[in-house]
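Derivation of every value follows stated rules applied to the coordinates shown; laboratory data play no part. What you are looking at is a predicted structure, and each value in this text was computed from that prediction instead of being measured. Ideal geometry is used to build each Cβ from the backbone, glycine not excepted, and the neighbour counts take in all protein chains shown.
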Amino acid sequence: MNSDVAGREERALSFQQLATEIHKYYGLEHVDRGSETVVVVFSHAPRPALRQYEFRYDCLYVTDRKLFYYLHNPGRQALLLQRFIDQAGYKTAIFLGLSKGGVGSLLWSSLIFRRDAQFRIFCLAFSPQTLLYPFNDNLTSLPSYLSNLRIAEGNDRHRKNFETYGNLPEFVEGLLPPTMIVFSSKNSMDRVEAQRLAGESSVVLKPLEMEFHGSITPFVIDRRRSRSLKRLAAKLYADAERDIDLKAMLPPTQKQFLSDFDQRRLKCPSLNTLIDDFCGFEPLVEVDRWDFLRRWLPFARLY
């Protein structure tokens with residue numbers, strides 16, 4: 001058995017152990033591409049996020065099945081995750097989350113970072129909520145947030161988790177790895193929540209001139225095909241019928257949603273490039289087929 005096969009089998013066994021021991025409220029999925037880097041993707045919904053995106057690195061997809069904002073006993077879960085990353089031999093871990101998942105990426109990366117991990121850690125949080133406890137009237141447009149506060153009123157354990165971890169500016173102060181927070185500058189909820197961490201020396205704020213809460217969108221759509229954004233809009237509005245938080249965040253019509261990305265999406269790099277730039281990885285050239293044709297067609301006419 002060659003070392004590559006043996007290494008992948010060892011990673012698979014490490015993941016099986018993690019999946020067995022993690023709390024039942026969390027779902028996990030691992031994709032092994034043979035990389036020394038793993039992207040830990042925290043979803044905003046009870047299903048994996050960015051599962052169809054073609055990451056260059058290994059991925060661990062994490063979901064919060066109860067939509068508790070990744071605050072249910074996160075200390076133990078982060079410790080289990082750290083052990084998996086160590087056993088799998090990863091040299092770099094990138095904690096990436098969107099909206100509720102942004103809470104997870106900030107909190108869990110901080111919990112691991114403060115333990116002097118043996119691997120490099122980075123965090124990318126897209127439109128995260130940063131103050132969940134005490135009551136934050138900036139988040140009242142999110143039905144799941146209000147639901148969690150109601151649960152906390154009658155459940156001491158839930159309330160304790162929110163009391164302990166829910167004030168991120170206090171809990172992660174001085175204990176975040178290199179972190180980028182991407183947010184929609186025209187979305188008041190996004191802007192206020194991002195600014196709460198503006199004083200952290202390890203945090204870079206990246207505002208986008210858009211209103212839609214989904215600030216990750218310009219980085220993951222196929223910029224070479226105009227139809228891709230329309231398909232995304234159709235999917236989001238269909239998903240919103242089952243996701244009350246998403247429904248609350250979307251503009252009233254698909255036309256209004258599409259107008260937010262008119263040309264502006266072309267100014268954003270791909271998510272892979274954003275990761276490479278932020279983490280200082282050697283960049284890979286992303287081929288734009290239309291640019292390639294524009295360069296070579298004039299020469300092709302000579303033959």
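To check you understand DSSP bridge types, tell me what percent of the beta bridges within the chain (both residues inside) are antiparallel, rounded to 5. Rounded to the nearest five, the antiparallel share is 20 percent.
Does the range 1-45 come out rounded, prolate or oblate, given a ≥ b ≥ c as the square roots of the eigenvalues of its C-alpha gyration tensor, rounded meaning a/c under 1.5 and, failing that, prolate meaning a/b above b/c? Oblate, because a/c is 1.5 or more while a/b does not exceed b/c.
With the helix formula -39500 (n - 2.57) applied to DSSP H stretches of n ≥ 4, the chain reaches a computed 222 nm mean residue ellipticity of -13000 deg cm²/dmol.
Among PRO218, PRO252, PRO46, the largest mean-square fluctuation in a Gaussian network model of the chain (Cα springs under 10 Å) belongs to PRO252. Legend: ranking of residues HIS30, HIS44 from fewest to most surrounding C-beta atoms inside 10 Å; resulting order HIS30, HIS44. Near ASN73: Cβ cut-off under 13 Å, other residues only, Lys/Arg at +1 and Asp/Glu at -1. The net charge is +3. Once backbone amide H atoms are built at 1.01 Å from N, ARG120 has THR92, ALA93 as its partners under 5 Å, excluding neighbours fewer than 5 places away on the same chain. With a Cα cut-off of under 22 Å and a minimum spacing of 8 residues unless on different chains, the lysine pairs in the chain number 24. For trypsin sites (Lys or Arg not before Pro), the sites in the range 49-133 that DSSP calls loop and that have at most 13 other Cβ atoms within 10 Å are ARG51, LYS91, ARG115.
Return the single residue from GLY280, GLY104, GLY75 with maximal mean-square fluctuation; model: Gaussian network over the chain, springs between Cα atoms under 10 Å. Looking only at GLY280, GLY104, GLY75, the largest GNM fluctuation is found for GLY280. Count Lys and Arg as plus one, Asp and Glu as minus one, and take only other residues whose Cβ is under 15 Å from that of SER202; the net charge is then +2.
The GLU36 and ARG115 beta-carbon pair, evaluated with R₀ = 25 Å, returns a calculated FRET efficiency of approximately 0.75. Amide H contacts under 5 Å for PHE183: SER127, LYS206, LEU208, restricted to partners 5 or more places along the chain or on a different chain, H placed in the peptide plane at 1.01 Å from N. Which of rounded, prolate, oblate describes the range 206-246, given a ≥ b ≥ c as roots of the alpha-carbon gyration tensor eigenvalues and a/c under 1.5 marking rounded, otherwise prolate only if a/b is larger than b/c? Oblate, because a/c is 1.5 or more while a/b does not exceed b/c. Whole-percent P(r), the chain, all Cα pairs, 20 Å bins from 0: 33, 56, 10, 1. Extension gain, ALA19 to LYS230, is 72.3 nm, computed as 0.36 nm per intervening residue step minus the present C-alpha separation.
State whether the range 1-144 is rounded, prolate or oblate according to the following rule on the C-alpha gyration tensor (a ≥ b ≥ c being the square roots of its eigenvalues): a/c under 1.5 gives rounded; otherwise a/b larger than b/c gives prolate, and the remaining case gives oblate. Prolate shape, in that a/c is at least 1.5 and a/b is the bigger ratio. For the pair LEU205 and LEU175, the difference between a 0.36 nm per residue extended length and the Cα-Cα distance amounts to 9.1 nm.
Net charge of the neighbourhood of ALA88, taken over other residues with C-beta under 15 Å away and scored Lys/Arg +1, Asp/Glu -1, is -3. Of the residues LEU124, LEU96, LEU146, the one that moves most in a GNM of the chain with alpha-carbon contacts below 10 Å is LEU146. Considering only alpha-carbon pairs that sit under 8 angstrom and 6 or more positions apart, the relative contact order computed for the chain is 13 percent. From least to most packed, judged by other beta carbons within 10 angstrom and beginning with the fewest, MET189, MET249 follow the order MET189, MET249.
Inter-part distance, the range 118-186 to the range 80-94, computed on C-alpha centroids, equals 24 Å.
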